[in-house]
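**Q** This is the structure I want to talk about, given as structure tokens.
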Amino acid sequence: MKNKKTIPPKWADRFLEWYCKPSLFEDLQGDLYEHFYRHIEDKGIRKAKLIFVLNVFKFFKPYTVKKLNFLNKLTQFIMFKNYFKTSFRSIARNKLFSFINVFGLAVSMSVCLLMITLLTEVKSYEKFHADASDIYRATNLYQYLEEEPNLFASTSIIAGKRIKEEIAGVEAATIMRRNFAGDFENDNQKFALRGIWADESFFDVFSFEVIYGDKDQALTNPKSLVITDETALKIFNQLNVVGETLLKGDEPYQVTAVVKTPPFNSHIKFEVIGSFSTLDQAQMQRNATGWLSWQNMWMNYTYFKVADGQSIKNIQAALDKISIDQNSREKYTSIQLGAQPILKIMTGPQISNSLGMNMGSETLWILGILSFVVILSAGFNYTNLSIARSLRRAKEVGIRKVVGAKRGQIFSQFTVEACIISIFSLILAYGGFLLIKPLFLSLNPEMSRMLQLKLEPITIIYFVLFAILVGFAAGLLPSLVLSKLKAIQVLKTTSNTKLFSSVSLRKALIVIQFTLTLGFIISANVAYNQFKYSVNFDKGFNGENIITIGLAGNDPEQVKTLFERIPEVEQISMAAMVLGTGERWGDDLKYKDPLDSTTIYYSSVDQNYIPMLKHNLIAGSNFLRTPTSDNESEIIVNETLLKRFNIGTPQEAIGEQVLVGSNKLTIIGVVEDFHYAPINEPIESFGFRQNLEDIQLLNLKVNSTNLVGTMDKLRAAWEGFDEVHPFESRFHSEHIARAYDTYELMFTIVTFLAFVSISIACLGLLGMGVYTAETRMKEISIRKVLGASESSLIQLLVKGFMYLLLIAAVIAIPATYYLFDSIILADQANRISIGLNEMGLGVLFIFCIGFLTISSQVWKAAKANPSSTLRSE
């Protein structure tokens, strides 16, 4: 068997095949091969190859060169140019159908352009880091006793230290902690800054650009501070501020480096970075046993870079080994370390306690599928109308075939026409994209913080490629149908083309299109009703006319005194959070059995909170004092906690003691169960506590006929008191509504897509109505001459379309009902019952729209004078 070294150069062999006449090629190649192998024995492989190449060029002579089809290539180019001319003329000649196709595709493509830009942007997250594909985030799969395990993006400090010290395949690892925030002071000026804690390896893992300072030493020493260029300019009005000092409370921090502000496509955002050694040293001096606890995983994060040539499987095996060792020392919990690629954080599954935001793979899939459905609907329009008009184009196809056109050329012509329409649509779609982009970003506050939707050169290329792909896909079926017609069929219609044995292709496309449209309408209606139901649901408390104001770290009593001076403020209470939104803190609670514990969710409040929010205190008493920094001793619990430990009646529970974390608390009251979490979650053990350090906001009960004026008074009072922090206020009901913004977001997006889908479908019906009226004009005229009324003609021609809409409704209603009843709302503890109102309104609406669209065109045809149509017969 000959190896690669003993065969002639392939490029020379191919060149010979390209120019040589087929009748001479086999003999000539055989002779050259024979000489080649002879020369290998006599002169060696190198000279043999050189001689072979020279002989290939030597035989490049007139008698061996085949006739090159330059003329044929030129003819094909001219034909392709002709396709464009013919397509433009066809588009101009059929203005209505061209408008329907262009506008329909443009509307749907604008949605898809938005999706393409979104995907391009989220895929760019974290790519600015050097060796980004080798960077991973450590994750924790946390399980308490037999409860369902939960995946967390945070991990313990001990896990980070062991990853750094014990795993040989890790090139660098950094430990971080969130919530390095507060007021920093310089020259008696205060600046509210937010950031993170990070250890000395931070810049070994990440590629944030250091402008000034030594990145290797910037976070090594305690009380070191790294700030961004924007922060430096805001505080010092210059960039090179290495060596300057900022006060955080009474603690001085020295600026050791200035970095560029993190780019938009980074999930790690900060204004300042504090050296992790500051915390580490302080905790060690205090002998804080929980600092290096395996379960201390709620605030800390570990990122690591895998060394070249190392497999992530080997790294995971080392992580498993650490997990097994640490779990052997725990009694009730099990934590499994994992690794998530940093490039998958934005587009991967949503993980609890994540640092920064992520879009989530589920969201991307949903948006992608919805966009595909919309563009599919527009593609159906083009396909349907093109096939419907095949009768007019059949003669054109027949004539082309008579004069010698091949099927491939006919196919190319109609495909080019579809692509031209798609390119025209792209121009309009770009304008639509610019209109809907700001609306999309304003749908949710997180959208504008997560996305910019900027157009990059690569995105423009994607747009053009997408338009060509859509044009080809939409024109594929019409091109196939028209190109396979034979010349003898030119006098026949192609409307009887079958998708199945007895179903017309055009009818099937209409049914599919309106099934999708009805699905959108019904989905929007269900989502809106679920949103209204969730917001108005009786949650067990009343937040009417209550304004929540963030304290921004200020003393609660001072701020309370400030607002008590405003006449419209009737009552004020303190709280750690807004309940009913999903925000909650948790701790372990034990009753009498030290081995039996549960998680209790809690919020710290003052004595005014429970009566202001009108919680039903069914036993015991309310708190009697304002929260203090002293050791707390009392707790008010809900009914579910009593049932969990079989404590007895609410009256019997008063005076019982429970252990919450390390605090022994006495139950002084029992409140009726209420929804401290969104209503789609079950009610679990909950308690009200009193801890001054937890208080973060005030609740103001206002009585005012001029709420705008009242808000202005509150803002003015705040700005006179605190010039550093912005006035952050919102009505309690707004907080509750935002807890259900998933349904509102779903309603908004699906409603918009339903509008788009309805518009496209109605345009398609309009085109089909015009086509039907044109092709059946003689039939309409004869029926009128024979005495048929206009109403009977409309009924005759419209009922076929209404029958198709009925079929679409029969398919869409059960499919959408199953989607919401068994999938989307299946795990909701409190939900609407989907009935006739949610299903029937959409069907009624689409029937009315469909009837008006079709009948308007048929009515115009029925009103026409029969003599004008029949006189040419």
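Bear in mind that the values in this text are calculations on the coordinates, not laboratory data. Everything quoted here is computed from the prediction, not taken from an experiment. All Cβ positions, glycine included, derive from the backbone under ideal geometry; neighbour counts span all protein chains shown.
**Q** First select every other residue whose beta carbon is under 12 angstrom from the beta carbon of residue 731; then total the charges, Lys and Arg +1, Asp and Glu -1.
**A** Local net charge: +1.
**Q** Could I ask something else about it? What is the extension gain from residue 209 to residue 845, computed as 0.36 nm multiplied by their sequence separation minus the C-alpha to C-alpha distance, in nm to one decimal?
**A** Net length gain for the segment: 223.3 nm.
**Q** So how do 242, 526 line up by other beta-carbon neighbours within 10 Å, fewest first?
**A** By the 10 Å Cβ count, ascending, the order reads 242, 526.
**Q** Sorting 24, 453 on the 10 Å Cβ count, fewest up front, what's the list?
**A** 24, 453
**Q** Tell me, what is the FRET efficiency for residue 544 and residue 786 to the nearest 0.05, using R0 = 60 angstrom and their Cβ-Cβ distance as r?
**A** Here the calculated transfer efficiency is 0.30.
**Q** Once phi is turned into ³J(HN,Hα) by the Karplus curve 6.51 cos²θ - 1.76 cosθ + 1.60 with θ = phi - 60°, what whole-Hz value does each residue of segment 625-635 show in order, with x for glycine and proline?
**A** Using θ = phi - 60°, the values come out as 9, 7, x, 10, 7, 5, 4, 6, 9, 10, 8 Hz.
**Q** On to the next question. Within segment 546-737, how many lysine pairs that are 8 or more places apart, or on different chains, have C-alpha atoms less than 27 Å apart?
**A** Lysine pairs meeting the criterion: 12.
**Q** Tell me which lysines have Cα within less than 19 Å of residue 401's Cα, excluding those fewer than 8 residues away on the same chain?
**A** Those lysines meeting the cut-off are 81, 85, 484, 486, 492.
**Q** Gain in length, residue 460 to residue 141, computed as 0.36 nm per residue apart minus the alpha-carbon separation, to one decimal in nm?
**A** Between residue 460 and residue 141, full extension yields an extra 110.7 nm.
**Q** Could you tally the net charge around residue 309, taking each other residue with its Cβ under 11 Å from the Cβ of residue 309, Lys/Arg +1 and Asp/Glu -1?
**A** -3
**Q** Using a cut-off of 14 Å between beta-carbons, work out the net charge of the residues near residue 213 (Lys and Arg +1, Asp and Glu -1, residue 213 not included).
**A** Counting the neighbours of residue 213, the net charge comes to -4.
**Q** Mind checking the dipole of the chain: about its Cα centre, +1 per Lys or Arg Cβ, -1 per Asp or Glu Cβ, Debye to the nearest 20?
**A** 8220
**Q** While we're looking at this one, here's another question. Just to verify a number: FRET efficiency for residue 324 and residue 833, C-beta to C-beta distance, R0 = 51 Å, to 0.05?
**A** 0.60
**Q** What nm value, rounded to one decimal, do you get for the distance between residue 826 and residue 737 when each label is placed 7 Å out toward the C-beta?
**A** Distance between label points: 3.2 nm.
**Q** If I model segment 4-58 as equal point scatterers sitting on the Cα atoms and use the Debye formula, what is log10 I(q)/I(0) at q = 0.14, 0.26, 0.31 Å⁻¹?
**A** -0.32, -1.03, -1.33
**Q** Okay, next question. Rank the residues 817, 609, 301 as a footprinting-exposure proxy: fewest other Cβ atoms within 10 Å of their Cβ go first.
**A** Lowest count first: 817, 609, 301.
**Q** Using the basic label-point model (7 angstrom from Cα toward the beta carbon), what is the residue 366 to residue 596 distance in nanometres?
**A** 4.0
**Q** Once you have the Cα-Cα distance between residue 817 and residue 449, take 0.36 nm times their residue separation minus that, and quote the gain in nm to one decimal.
**A** Stretched fully, the residue 817-residue 449 segment lengthens by 129.0 nm.
**Q** What value, in deg cm²/dmol to 500, does the helix sum -39500 (n - 2.57) over DSSP H runs of n ≥ 4 give at 222 nm once divided by the residues of the chain?
**A** -17000 deg cm²/dmol
**Q** I would also like to ask the following. So which lysines pass the test for residue 305, namely a Cα distance under 18 Å, with those fewer than 8 places away in the same chain ruled out?
**A** 127, 161, 164, 215, 313, 344
**Q** A further question on this structure: Please report the projected area of the chain's Cα convex hull averaged over all directions, in nm².
**A** 55.2
**Q** Shifting gears a bit: Once you put a point 7 Å from the Cα of residue 63 and another 7 Å from the Cα of residue 133, both along the Cβ direction, what distance in nm separates them?
**A** Going by the 7 Å Cα→Cβ label model, 5.6 nm.
**Q** Taking R0 as 41 Å, what FRET efficiency do you get between residue 14 and residue 427 from their Cβ-Cβ distance, rounded to the nearest 0.05?
**A** 0.45
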